[in-house]
Amino acid sequence: MVIMPRENTIYDEEQVPTFDLPDPLVAEDGQPVTDAGAWTQKRRPEILQLFKTHVFGEMPALLPDTSFVTTEEGHALGGRVRRRQINAQFAPDGPSMEILLYLPADSGGPVPIFLGLNFFGNHTVMLDPEIHLNTGWMRAEQKNGIVDHRATIDSRGCLSSRWCIDEIVARGYGVATVYSGDLDPDYDDGYQNGIHPLFFRQGQNRPAPNEWGTIGAWAWGLSRAMDYLQTDADVDPDRIAAFGLSRLGKTSLWAGACDERFALVISNESGCGGAALSRRRFGETVKDINETFPHWFCDIFRRYNDAEDTLPVDQHMLLALCAPRPLYVASAVDDHWSDPRGEFLAALAADPVYRLLGTSGLPVEQMPAVDQPVMGRIGYHIRSGYHDINAYDWAQYLDFADLHWGDR
């Protein structure tokens, strides 16, 4: 989807307003947070609740009747990859999602997994004719084989360049993915065609102002995929990474914040509402995102349209909720709408929390040069090119995972 910037969109650093960031290491009662116990027991729960109340909305627990059924198993890439397709049924005759899992055929034991949602169906991530063709609603995009809001056979493998499955599996990792639209279609449908109605109380027909929007539903789905992966004997349950691009990068950050089972979190050009600082108002703003995508966040978030300085949080605090787990933030130099500098500055402002918890944090204080990644407990790069996820990004994510999971 192409978003047209406003006439007064800020793309010049000299136009960025002066702002003060909330301190993640000062509690709501004004007391400084000086040790890991105070962070874990007091400040982290405060920040998480602030994001639930003001940004993403309250997210419900799992549905107790959820079932997981393997519907297909086979091989791909000339036998180098094992494929598994699993249906997660949330309620009888209700919504379901399908998990696609790729594993190295010669792993010899449980493997770490990169888990992320996709934009147009599992069948788009690799040209594999055995992947089930998703029949649900999708944003119309003819170049990717989506016609009249439905996938065609021409959409098979159309986004394989974003997944690099051959390279990932060759490095000893697995990949799991779910179509985001299985959980909630990406348009403002009044929350009627996804999983939200499963949780409506009697007489309720849409989430309350402080309850989850579509990004919350997507993050909920990542946790349900995690529920399955924790039971699969071929998966290392302690080494599962959440990743995503753009709106799905916002989702991976929120899932990582809410579900600490994710051992590593990756944000690829997630921008406003993701890794970029809202108070900078650079590129996409809170008002832009709420007016263009009114279904993504909770209704309360709209109070901060043109009022970012009144937000009790900013996105560095979302990144800090991942601490002390490894966190990677990636930008692209020509992706001005996502505010690359704002993404770096958020990672830098999350660093004190990582340091408090005894990790290396972000190893630099200045934004690195293009195509020069830096990796501590927080990793960051800004690469050449535009808004996308590509082989260069994946090379860094794999190196980052090796850095922190190399003893496997």
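List of remarks:
- Among the residues of the stretch 21-67, those that are within 24 Å of residue 307 (Cβ to Cβ), open to solvent by 30 Å² or more (accessible area, probe 1.4 Å) and assigned to a helix (DSSP H, G or I) comprise 46, 49, 52, 53, 54.
- Residues that are charged (D, E, K, R), open to solvent by 40 Å² or more (accessible area, probe 1.4 Å) and part of a loop (DSSP other than H, G, I, E, B), drawn from the stretch 275-313: 281, 306
- Residue 181 vs. criteria of a type outside the set (S, T, N, Q) and crowded, with 24+ Cβ neighbours inside 10 Å: yes
- Test: residue in the stretch 345-362 that is within 17 Å of the chain's Cα centre (by Cα) and farther than 18 Å from residue 382 by Cβ: no
- Any hit, the stretch 198-209, residues being among the basic types (Lys, Arg) and open to solvent by less than 60 Å² (accessible area, probe 1.4 Å): no
- The set of residues from the stretch 54-84 being among the aliphatic types (A, V, I, L, M), free of Cβ contacts under 8 Å to residues at least 60 places away in the same chain and farther than 30 Å from residue 126 by Cβ comprises just one member, 61.
- Filter result for residue 88 (within 25 Å of the chain's Cα centre (by Cα), crowded, with 17+ Cβ neighbours inside 10 Å and farther than 30 Å from residue 309 by Cβ): yes
- Restricting the stretch 176-190 to residues that are in contact with a Lys or Arg (Cβ under 9 Å, 6 or more places away or on another chain) and in a loop (DSSP other than H, G, I, E, B) leaves a set whose member that is nearest to residue 116 (Cα to Cα) is 183.
- From 366, 372, residue being under 26 Å from residue 166 (Cα atoms) and open to solvent by 10 Å² or more (accessible area, probe 1.4 Å): 372
- Unique match (being more than 18 Å from residue 60 (Cα to Cα), free of Cβ contacts under 8 Å to residues at least 60 places away in the same chain, surrounded by fewer than 20 Cβ atoms within 10 Å (Cβ to Cβ) and out of contact with any strand residue (DSSP E or B) (no Cβ under 6 Å at 6 or more places or on another chain)) among 189, 238: 238
- Among the residues of the stretch 357-372, those that are in contact with a helix residue (DSSP H, G or I) (Cβ under 6 Å, 6 or more places away or on another chain) and over 24 Å from residue 281 (Cβ atoms) comprise 357, 361.
- Close contacts from the stretch 42-53, counting a first residue that is under 14 Å from residue 211 (Cα atoms) and a second that is of a type in the set (Val, Ile, Thr), with Cβ to Cβ under 8 Å and a gap of 6+ residues or different chains, come to 50/313; 51/313; 53/300.
- Set side by side, the residues 342, 385, 358 differ, and just one is in contact with a Leu (Cβ under 9 Å, 6 or more places away or on another chain), of a type in the set (Gly, Ala, Ser) and in contact (Cβ under 8 Å) with a residue 40 or more places away in the chain, which is 342.
- Qualifying residue in the stretch 330-338 (condition: more than 29 Å from residue 238 (Cα to Cα), without any contact (Cβ under 8 Å) to a residue 24 or more places away in the chain, open to solvent by 20 Å² or more (accessible area, probe 1.4 Å) and part of a loop (DSSP other than H, G, I, E, B)): no
- The set of residues from the stretch 314-329 being crowded, with 21+ Cβ neighbours inside 10 Å and out of contact with any strand residue (DSSP E or B) (no Cβ under 8 Å at 6 or more places or on another chain) comprises 314, 316, 317, 318, 320, 321, 323.
- Test for residue 133: is it loosely packed, with under 14 Cβ neighbours inside 10 Å, in a loop (DSSP other than H, G, I, E, B), among the aliphatic types (A, V, I, L, M) and touching a Lys or Arg at 6+ places or on another chain (Cβ under 9 Å): no
- Scanning the stretch 384-408 for residues that are under 19 Å from the mean Cα position of the chain (by Cα), surrounded by fewer than 22 Cβ atoms within 10 Å (Cβ to Cβ) and not in a helix (DSSP H, G or I) yields 386, 387, 388, 390.
- Filter pass, residue 321 being touching a helix residue (DSSP H, G or I) at 6+ places or on another chain (Cβ under 8 Å), in contact (Cβ under 8 Å) with a residue 12 or more places away in the chain, closer than 23 Å to residue 217 by Cα and hydrophobic (A, V, I, L, M, F, W, C): yes
- Flag for residue 150 being open to solvent by less than 60 Å² (accessible area, probe 1.4 Å), more than 19 Å from residue 86 (Cβ to Cβ) and modelled with pLDDT of 95 or more: no
- Residue match in the stretch 164-175 (condition: free of Cβ contacts under 8 Å to residues at least 40 places away in the same chain and crowded, with 21+ Cβ neighbours inside 10 Å): no
The values are calculated or read from the model by the stated rules, or taken from the named source; none is laboratory data. Fair warning: this is a prediction, and the values are worked out from it, not measured in the lab. A quick note on method: Cβ atoms are made from the backbone with ideal geometry, for glycine too, and the neighbour counts reach across all protein chains shown. SASA here: full protein model, heavy atoms, side chains in, ligands and nucleic acids out. Shrake-Rupley method; radii C 1.70, N 1.55, O 1.52, S 1.80 Å.
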